[in-house]
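Some notes on the structure that comes next.
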Amino acid sequence: MQSEPETVCNVAISFDRCKITSVTCSCGNKDIFYCAHVVALSLYRIRKPDQVKLHLPISETLFQMNRDQLQKFVQYLITVHHTEVLPTAQKLADEILSQNSEINQVHGAPDPTAGASIDDENCWHLDEEQVQEQVKLFLSQGGYHGSGKQLNLLFAKVREMLKMRDSNGARMLTLITEQFMADPRLSLWRQQGTTMTDKYRQLWDELGALWMCIVLNPHCKLEQKSSWLKQLKKWNNVDVCPWEDGNHGNELPNLTNALPQGANANQENLGQCKSLEYQHLPAHKFLEEGESYLSLAVEVALIGLGQQRIMPDGLYAQEKVCRNEEQLISKLQEIELDDTLVKIFRKQAVFLLEGGPYSGLGEVIHRESVPMHTFAKYLFTSLLPHDAELAYKTALRAMRLLVLESTAPSGDLSRPHHIASVVPNRYPRWFTLSHIESQQCELASTMLTAAKGDVRRLETVLESIQKNIHSSSHIFKLAQDAFKIATLMDSLPDITLLKVSLELGLQ
């Protein structure tokens, strides 16, 4: 600013194989990120490389000098900086002239301008002390003064490092996690039996997600993975380490602003992301011809969404199950399906329908298995234009909601990969049940709309609704939906749909 006097800063930057390995600046600013002066010098070096004179390592230059030149060089150096270097110069001179000194036992001398050996580790400079201090400060503010935003910026920095394959990503996340584990509020909450705030728990979720990215990185070495595993186990054994499922019994079913808000907030952001274009990049190292990173990513997402998993116990963890599923489906909806991706959808739908206990769309599932309504609705709408039979088969299989059944089906026990569902005595605490039932109703409504004009399919969907939907308000809503679809202005009334509407209304 004009009112401030201009200051000159002395900046030193060390490079090694295109990475900044250390920085110093006389401005004294302490932060996780480089100060403006370091950034300015880096940009100057990048944009005007010709203006920065390139020298040989100083050891090479000294080697070319004769004895007189070396003496002149040393004396001038001491004269220019006599107050700073004279004591060091005299100490070194004494040691060199002493036969038995340690300095004379070492061959040669260090050269800070020569760079590291090719075998030495080289990584971007990271001020570890500052990372710890900053995280500690943000946590101590307890979510005030934008500290949550600052912590999210740090997490974004870790993601950026991982994207660039910068080994500091794991280092930085380790430092952040250590500060989170040392937060005094954890032991306070444990003693009082109270739960942490949603904002704070979301930060812990982000920590977990980033560690998942690190340990699943295919480029890291086995010894790195083993050291991370050791570290994660160590943290996990600390008494105050929060549980992913929450504190179980201490959590009360307060869903006032939980799920709908999450689902809306995300939107049997999105607007800003629509401009993204996803393209097939060839994955040379994979065996199948025509596969790309995009097709592999889509396939992995479908496999993950279709996995059978038991509903967790805690309120927050149950909300998280729904939220994560909806976020992943939103990502998939940004991708335009071409022939390659449709093939993957078909293949995965068949696998999931025929799959054993691993599949949430298998013939037999555990009574407390997380329902597949939201995922099946997405599969149904995606497959409908290409394979209607498979689309309906998938959606109808997903309509079940066994947690509300008094007895669960035993399944075909002659097939070895099918397991019988065990019905426990207790009634599970599904805090998100109303949200799940509304998703089940959405799936049914989507099928009714698509089946208009097809008597056979409408009857099948009706049977499924009557068998699987237990909420009278949702059955009534479907009766209204069926009536609206049957009597659209631009076409004659659909008699079968009107019958469906009547039957549901009477039920």
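The table that follows gives values for the structure above.
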quantity	calculated
Gain on full stretching of the segment that runs from T61 to R47 - 0.36 nm per residue minus C-alpha separation	2.3 nm
Extension gain from T194 to V74, taking 0.36 nm per residue of separation minus the Cα-Cα distance	36.5 nm
Simple spin-label estimate for V321 and Q466 in nanometres, 7 Å along Cα-Cβ	3.0
Net charge of neighbours whose Cβ lies under 14 Å from the Cβ of F476, counting Lys and Arg as +1 and Asp and Glu as -1	-1
Eligible lysines near K477 by straight Cα distance, threshold 25 Å, same-chain separation 8 or greater	K377, K393, K452, K467, K499
In range of the label at I103: residues from the range 35-70 whose backbone nitrogen is under 17 Å from the point 7 Å along Cα→Cβ	59, 70
Theoretical gain in end-to-end length, L492 to E363 [0.36 nm per residue, Cα-Cα removed]	42.6 nm
Cβ-Cβ FRET estimate between L54 and S434, R0 fixed at 56 Å, reported to 0.05	0.20
Radius ratio Rg over Rh of the range 58-104, counting only Cα atoms, Kirkwood formula for Rh	1.01
Residue list for the range 22-65, given a label point 7 angstrom along the Cα-to-Cβ vector of Q130 and an amide N cut-off under 20 Å	22-46
Surrounding net charge for I103, when Lys and Arg each add one and Asp and Glu each subtract one, Cβ distance under 11 Å	-2
Of all accessible heavy-atom area on the range 128-237, the percent that carbon and sulfur account for (1.4 Å)	54
Cross-link partners of K347 among aspartates and glutamates (Cα-Cα below 12 Å; sequence separation of 8 or more within a chain)	E299, D387
Amide proton proximity set for S359, modelled H, under 5 Å, gap of 5+	Q308
Mean accessible surface per residue for the range 128-237, computed with a 1.4 Å probe while every protein chain stays in place, in Å²	61
Within-15-Å neighbourhood charge of Q191 [Cβ basis; K, R +1; D, E -1]	0
Lysines whose Cα lies under 25 Å from that of K136, excluding same-chain neighbours fewer than 8 positions away	K30, K149, K157, K199, K230, K233, K234
Interchain or long-range residues, amide H under 5 Å from I20's placed H	H125
Contact order relative to length of the range 287-398, as percent, for alpha carbon pairs under 8 angstrom and 6 or more apart	29
With every protein chain in place, the range 5-122: carbon and sulfur % of accessible area (1.4 Å)	57
Estimated FRET transfer efficiency (A388, L502; beta-carbon r; R0 22 Å; 0.05)	0.30
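The values are calculated or read from the model by the stated rules, or taken from the named source; none is laboratory data. Bear in mind the structure is a predicted one, so any value in this text is a computation, not a measurement. Glycine gets a Cβ as well: all are built from the backbone with ideal geometry, and neighbour counts include every protein chain shown. For accessibility, only protein heavy atoms count, side chains too; no ligands or nucleic acids. Shrake-Rupley method; radii C 1.70, N 1.55, O 1.52, S 1.80 Å.
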